[in-house]
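S.K.: Quick one: structure below, then a few questions.
The values are calculated or read from the model by the stated rules, or taken from the named source; none is laboratory data. Remember, predicted model here, so these are calculated numbers, not experimental data. Note: ideal-geometry Cβ built from the backbone for every residue, glycine included; neighbour counts use all protein chains shown. Side chains are part of the model used for accessible areas, which takes the heavy atoms of the whole protein and leaves out ligands, DNA and RNA. Shrake-Rupley method; radii C 1.70, N 1.55, O 1.52, S 1.80 Å.
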Amino acid sequence: MLNKNQRGITLVEVLAIIVLISIIGLLMWNIFFQGVNYSANAITKTQIQQQANVIISDLTKIHQTTEEDYYEIIPSADSCSFSIIDRKNLNRKYENSKLCLQVENTPITIKPKNEDNNKLLKLTIFEKNNRDNQIQVEFQLHRLIGGE
């Protein structure tokens, strides 16, 4: 005989609870990994921006302080790095193991001591394994020429 006052959980109720806990767990798992991926992309984007700032600062310094009549910006064979070479064949190479560094319209010869010494360049930096994570920066190299 069944007693109507019996308390307990039926098998259907246990299965329903397991299904609900599984759904909530999967949602939490998905949200966690989306956060991890977003964080990794944000960190990489910051590193890319910092790399661009260093390169632009360095190129500006070279352009403004060089004593040479000209220098060249030359891309590497793999198109993920570039070099600056001057008349004395001083070579400054810009490369990163995780990033591609490209200056548009290279190779280019720049004559910083000419009257027309302002150059507009476009720098593109992106992750080697994720081309969508990139920045493009246009910057101008300029130099004041003192009169005699």
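S.K.: Restricting to the range 45-88, give me the number of residues that are aromatic (Phe, Trp, Tyr) and under 18 Å from residue 139 (Cα atoms). Give the derivation first.
M.R.: Kept after step one, since they are aromatic (Phe, Trp, Tyr), are these residues of the range 45-88: 70-71, 82.
Keeping just the survivors that are under 18 Å from residue 139 (Cα atoms) gives 71, 82.
Residues that pass the stated criteria total 2.
S.K.: For the range 130-148: of the residues being over 11 Å from the mean Cα position of the chain (by Cα), at pLDDT 85 or above and open to solvent by 70 Å² or more (accessible area, probe 1.4 Å), which is nearest to residue 57 (Cα to Cα)?
M.R.: Among residues in the range 130-148 that are over 11 Å from the mean Cα position of the chain (by Cα), at pLDDT 85 or above and open to solvent by 70 Å² or more (accessible area, probe 1.4 Å), the one nearest to residue 57 (Cα to Cα) is 140.
S.K.: Another question about this same structure. Quick check on the range 76-96: of everything there that is open to solvent by 50 Å² or more (accessible area, probe 1.4 Å) and modelled with pLDDT of 90 or more, which residue is nearest to the chain's Cα centre (by Cα)? Break it down into steps so the answer makes sense when it comes.
M.R.: Taking the range 76-96 as the starting set, the residues that turn out to be open to solvent by 50 Å² or more (accessible area, probe 1.4 Å) are 77-79, 87-93, 95.
This time we only want the ones that are modelled with pLDDT of 90 or more, so: 93, 95.
On the way: 93: 18, 95: 13 Å.
Ranking the candidates gives 95 first.
S.K.: Take the conditions closer than 30 Å to residue 87 by Cα, surrounded by fewer than 13 Cβ atoms within 10 Å (Cβ to Cβ) and of a type outside the set (A, V, I, L, M) and apply them to residue 50. Does it pass?
M.R.: Numbers: closer than 30 Å to residue 87 by Cα: yes; surrounded by fewer than 13 Cβ atoms within 10 Å (Cβ to Cβ): yes; of a type outside the set (A, V, I, L, M): yes.
The answer is yes for residue 50.
S.K.: Still on this structure: For residue 37, are the conditions met, namely being touching a residue at least 12 places away in the same chain (Cβ under 8 Å), more than 30 Å from residue 142 (Cα to Cα) and either assigned to a helix (DSSP H, G or I) or among the polar types (S, T, N, Q) (or both)?
M.R.: Values: touching a residue at least 12 places away in the same chain (Cβ under 8 Å): no; more than 30 Å from residue 142 (Cα to Cα): yes; either assigned to a helix (DSSP H, G or I) or among the polar types (S, T, N, Q) (or both): yes.
Against the criterion (touching a residue at least 12 places away in the same chain (Cβ under 8 Å), more than 30 Å from residue 142 (Cα to Cα) and either assigned to a helix (DSSP H, G or I) or among the polar types (S, T, N, Q) (or both)), residue 37 does not qualify.
S.K.: Name the residues in the range 67-83 that are hydroxyl-bearing (Ser, Thr, Tyr), assigned to a strand (DSSP E or B) and within 12 Å of residue 95 (Cα to Cα), would you?
M.R.: As a first pass, look at the range 67-83 and keep what is hydroxyl-bearing (Ser, Thr, Tyr): 70-71, 76, 79, 81, 83.
Narrowing the set further to residues that are assigned to a strand (DSSP E or B) leaves 71, 83.
Within the range 67-83, just 83 meets the criteria.
S.K.: Based on what the data block shows, is residue 44 within 12 Å of the chain's Cα centre (by Cα) and either at positive phi or without any contact (Cβ under 8 Å) to a residue 40 or more places away in the chain (or both)?
M.R.: On the way: within 12 Å of the chain's Cα centre (by Cα): yes; either at positive phi or without any contact (Cβ under 8 Å) to a residue 40 or more places away in the chain (or both): no.
No: the conditions fail for residue 44.
S.K.: Is there a residue in the range 120-128 that is part of a loop (DSSP other than H, G, I, E, B) and closer than 20 Å to residue 45 by Cα? It would help to see each step written out before you state the result.
M.R.: Step one: list which residues in the range 120-128 are part of a loop (DSSP other than H, G, I, E, B), which gives 128.
After this cut, where a residue has to be closer than 20 Å to residue 45 by Cα as well, the list is 128.
For the range 120-128, residues part of a loop (DSSP other than H, G, I, E, B) and closer than 20 Å to residue 45 by Cα: present.
S.K.: Can you find, within the range 97-118, the residue that is modelled with the lowest pLDDT among those that are open to solvent by 60 Å² or more (accessible area, probe 1.4 Å) and closer than 20 Å to residue 138 by Cα?
M.R.: Going through the qualifying residues, I end up with 116.
S.K.: Something else now. In the range 48-89, what residues are among the small types (Gly, Ala, Ser) and without any contact (Cβ under 8 Å) to a residue 12 or more places away in the chain?
M.R.: 57, 77, 83
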